[in-house]
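The values are calculated or read from the model by the stated rules, or taken from the named source; none is laboratory data. All values derive from a computational prediction rather than experimental measurement. Note: ideal-geometry Cβ built from the backbone for every residue, glycine included; neighbour counts use all protein chains shown. For accessibility, only protein heavy atoms count, side chains too; no ligands or nucleic acids. Shrake-Rupley method; radii C 1.70, N 1.55, O 1.52, S 1.80 Å.
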Amino acid sequence: PTKDCAYTVKEKINTPHGWVLHGQPAPHHTIELKVALPQPNFDELERHLYEVSDPDHQRYGQHLSKEEVEQLVAPRPASLDAVNTWLGTFGYSEDEFTRSPAKDWISLKVPVSVAEKMLDTKYHVWKHIDSGDFLVRTTSYSLPKHLHDHIELIQPTTMFGRFKPEKSTVYSATRVPSTISQDSSASISTASGISVDASCNSTITITCLQQLYNAVGFTPSAKGNSIGITGYLDQFANFQDLQSFFASERPDALNSTFKVLSVSGGQNNQSLSEAGDEANLDTQFAFGISHPISPTFFTTAGEPPFIPEEGETQADNSNDPPLAISTSYGDDEQTVPFSFAQRVCAGFAQLGARGVSLMFSSGDGGVGDGDSNPATQTCFSNDGRNITKFLPAFPASSVTFQFDFPGVY
């Protein structure tokens, strides 16, 4: 091969803690490669994001449209041509892969044996010790030298975060007795001077949250507002359970419901036995507190085909997404390669420029692992030094390191 066609390493990582080699995948095992092309005008998009988000700026609130954002993240024609040519050398034509609306992502299903040739790498089956989950991944992959400027990243390769369709980390909600005490005869004062029912020390209700955030008596405006909750890991939000919750916690919301949008074939099984603790917890409290704001539940799963249930719609790049979207899932930041984390942040910026606020849980145990025993705790660096270190959760940490601390990971 010529010098420009010779393969050189694109990305290499240390094996994340908690993962061990398990075996070899079958050569015909299918991988859906996601190829990210550079977004040369991202700086311009970022400028728009800050201007429309700054209350002191004259453009505050003048959000971009879906089409305007797509124009700003579109790759150069040279990148499109170079990647098309490269895929063609492995026998893949334009009708065998799909593109995102902005053409900055390409999706292509290939056997693992072909992926290994395309990326000059070797995939292995890895096992997560604690959960028993399996992933087909590599710790290093390469590309022809001339493609490094035309391809930002390719996954699944070095990404060990257990997001669906493989898996993500979620903490199960603790079940509480069906009879919830609403006794408000006793109260306690918080550090900020707010009075809260004493019962909130043992059971959290909508009333408790309204008191804690000094929002008692406040009714959100449904006009121009909308909220979305995301669900993963086959966590289904149950309509019947929601009505039971409303009957107890928010009677004025009874008989109201939420819209379901499917991502990548996600389902929302309504069998009561399939109701998810996390999905119910998230939707019931979010939609109960925000009533009467228009609510949406996004259910994400693995591979298509998608067979919608009644009332379920396949989500696309909507022209009108919910203006506030909350996610209660994540994984250790060090399981996420720097290149992927940057690209995810860029995706968040696109939504921000369109006026969408994104919220992510920081984890139930803070930046530690909740284990006080140094012999069994898992808070160690992933840089080969193996030193004790706090582990932030991704993607809750993403906005901070992308925009406030560039280059720090």
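Among the residues of the stretch 1-33, which ones are of a type in the set (Phe, Trp, Tyr) and either modelled with pLDDT under 90 or within 13 Å of Met159 (Cα to Cα) (or both)? Give the derivation first.
As a first pass, look at the stretch 1-33 and keep what is of a type in the set (Phe, Trp, Tyr): 7, 19.
Selection gives Trp19 alone.
Only one of (1) assigned by the TED database to the domain that holds His148; (2) surrounded by 12 or more Cβ atoms within 10 Å (Cβ to Cβ) fails for Ser93. Which number is that?
In the conditions (1) assigned by the TED database to the domain that holds His148; (2) surrounded by 12 or more Cβ atoms within 10 Å (Cβ to Cβ), Ser93 misses (2) alone.
If you check Phe245, Phe285, Phe258, which single one turns out to be of a type outside the set (Val, Ile, Thr) and either touching a strand residue (DSSP E or B) at 6+ places or on another chain (Cβ under 7 Å) or closer than 22 Å to Lys223 by Cβ (or both)? Quick ask: steps written out before the conclusion?
Values: Phe245 fails: either touching a strand residue (DSSP E or B) at 6+ places or on another chain (Cβ under 7 Å) or closer than 22 Å to Lys223 by Cβ (or both); Phe285 fails: either touching a strand residue (DSSP E or B) at 6+ places or on another chain (Cβ under 7 Å) or closer than 22 Å to Lys223 by Cβ (or both).
Going through Phe245, Phe285, Phe258 in turn, just one is of a type outside the set (Val, Ile, Thr) and either touching a strand residue (DSSP E or B) at 6+ places or on another chain (Cβ under 7 Å) or closer than 22 Å to Lys223 by Cβ (or both): Phe258.
Which pairs have Cβ atoms under 8 Å, sit 6 or more apart or on different chains, and link a residue in the stretch 214-241 that is free of Cβ contacts under 8 Å to residues at least 24 places away in the same chain to one that is assigned to a helix (DSSP H, G or I) and of a type in the set (Ser, Thr, Tyr)?
Val216/Thr207
Looking only at residues that are part of a strand (DSSP E or B) and modelled with pLDDT under 85 in the stretch 265-313, which one is least open to solvent (accessible area, probe 1.4 Å)? Walk me through it before giving the result.
At the first step, the residues of the stretch 265-313 found to be part of a strand (DSSP E or B) are 275, 294-300, 312-313.
Among the residues that remain, those that are also modelled with pLDDT under 85 are: 312-313.
Values: Glu312: 20, Thr313: 71 Å².
Per the stated criteria, the residue is Glu312.
Could you check the stretch 101-157 and list, in sequence order, the residues that are more than 21 Å from Ser264 (Cβ to Cβ) and among the β-branched types (Val, Ile, Thr)?
Val114, Thr121, Val125, Ile129, Thr138, Thr139, Ile151
Looking at this structure, is Tyr60 loosely packed, with under 14 Cβ neighbours inside 10 Å, at pLDDT 95 or above and more than 25 Å from the chain's Cα centre (by Cα)? Break it down stepwise before answering.
Numbers: loosely packed, with under 14 Cβ neighbours inside 10 Å: yes; at pLDDT 95 or above: yes; more than 25 Å from the chain's Cα centre (by Cα): yes.
Criteria met by Tyr60.
For the stretch 239-264, give me each residue that is of a type in the set (Ser, Thr, Tyr) and buried (at least 19 other Cβ atoms within 10 Å of the Cβ).
Start the filter on the stretch 239-264 by keeping residues that are of a type in the set (Ser, Thr, Tyr), which leaves 244, 248, 256-257, 262, 264.
Across the stretch 239-264, the qualifying residue is only Ser262.
Mind listing whichever residues of the stretch 196-228 are crowded, with 17+ Cβ neighbours inside 10 Å, aliphatic (A, V, I, L, M) and under 21 Å from Ala324 (Cα atoms)?
The answer is Ile206, Ile227.
Right, Leu87: farther than 27 Å from Asn319 by Cα and in contact with a Ser or Thr (Cβ under 7 Å, 6 or more places away or on another chain) or not?
On the way: farther than 27 Å from Asn319 by Cα: yes; in contact with a Ser or Thr (Cβ under 7 Å, 6 or more places away or on another chain): no.
For Leu87, the condition - farther than 27 Å from Asn319 by Cα and in contact with a Ser or Thr (Cβ under 7 Å, 6 or more places away or on another chain) - is not met.
Out of all the residues in the stretch 384-399, which are open to solvent by 70 Å² or more (accessible area, probe 1.4 Å) and either touching a helix residue (DSSP H, G or I) at 6+ places or on another chain (Cβ under 9 Å) or part of a helix (DSSP H, G or I) (or both)?
If the condition is that a residue be open to solvent by 70 Å² or more (accessible area, probe 1.4 Å) and either touching a helix residue (DSSP H, G or I) at 6+ places or on another chain (Cβ under 9 Å) or part of a helix (DSSP H, G or I) (or both), then Lys389, Val399 are the ones that fit.
Quick one: count up the residues across the stretch 334-373 that are among the polar types (S, T, N, Q) and either in contact with a Ser or Thr (Cβ under 8 Å, 6 or more places away or on another chain) or part of a loop (DSSP other than H, G, I, E, B) (or both). Before you say what the answer is, go through the steps one by one.
Taking the stretch 334-373 as the starting set, the residues that turn out to be among the polar types (S, T, N, Q) are 334-335, 339, 342, 350, 357, 361-362, 372-373.
Still in the list and also either in contact with a Ser or Thr (Cβ under 8 Å, 6 or more places away or on another chain) or part of a loop (DSSP other than H, G, I, E, B) (or both): 334, 361-362, 372-373.
Of the residues in the stretch 334-373, 5 are among the polar types (S, T, N, Q) and either in contact with a Ser or Thr (Cβ under 8 Å, 6 or more places away or on another chain) or part of a loop (DSSP other than H, G, I, E, B) (or both).
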